[in-house]
Amino acid sequence: MQITRQADYAVRAVLYLSGLDNGRRAPTSEIAQEQHIPPSFLAKIVSQLSVAGVVQTSRGARGGVSLARSSDKISLLEVVEAIDGPIMLNECVHDTNACVFGDDCPVRDVWCNAQGALAKTLGGTTFAALTLQ
């Protein structure tokens, strides 16, 4: 599995915002420049993160983007899924009918365990922890 470039950019943007002084807003142009994200791409990402409740935006001279919650309440999983949708290593993990073997597939348990481990790792990693590193 590989996350999309868009999800990678979203992680970088949220990580950047997590490193700012509490409550400080950053213009998207600043985030784009500092994180090497194409500005037009960042606009779409910020919009998706805003809908997901990860960031908040405000317009005007003192506007910009800031975290909607404390960075210790935002996980890597939440950001990746806000952009790419639910993590799915194989469609049979969520739909046993997707495989001709159904529940009898010898590999399905491996997919389920791997997906669970990945989700647990990403879900247990907050941006506060990442900014401390």
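Read-outs: derived from the displayed coordinates by stated rules, not from any lab. The shown structure was predicted, so the numbers you read here are calculated from the model rather than taken from an experiment. Don't worry about glycine lacking a Cβ; one is built from the backbone with ideal geometry, like all the others, and counts go over all protein chains shown.
Observations on the structure shown:
- Taking every alpha-carbon pair under 8 Å whose residues sit at least 6 apart, region 5-132 reaches a relative contact order of 29 percent.
- Label point at residue 109 placed 7 Å out along Cα→Cβ; residues across region 66-94 whose backbone nitrogen lies under 20 Å: 89-94
- Built amide H within the under 5 Å cut-off of residue 55, gap 5+: 50, 68
- Annotation: cysteines of the chain without a disulfide-compatible partner (Cβ-Cβ under 4.7 angstrom) are 105, 112.
- Entry note, the chain: the mean residue ellipticity at 222 nm calculated from DSSP H runs of n ≥ 4, each adding -39500 (n - 2.57), is -15000 deg cm²/dmol after division by the residues and rounding to the nearest 500.
- 3J(HN,Hα) along region 117-129, derived from phi through the Karplus expression 6.51 cos²θ - 1.76 cosθ + 1.60 where θ = phi - 60°, amounts to 5, 5, 4, 5, 5, 5, x, x, 9, 9, 6, 5, 5 Hz, with x in place of Gly and Pro.
- Hz values of 3J(HN,Hα) by residue in region 84-95 - Karplus curve (6.51, -1.76, 1.60), Gly and Pro given as x: 9, x, x, 5, 9, 6, 8, 4, 5, 4, 9, 9
- Nonlocal amide H pairs with residue 74, under 5 Å, H built at 1.01 Å: 127, 128
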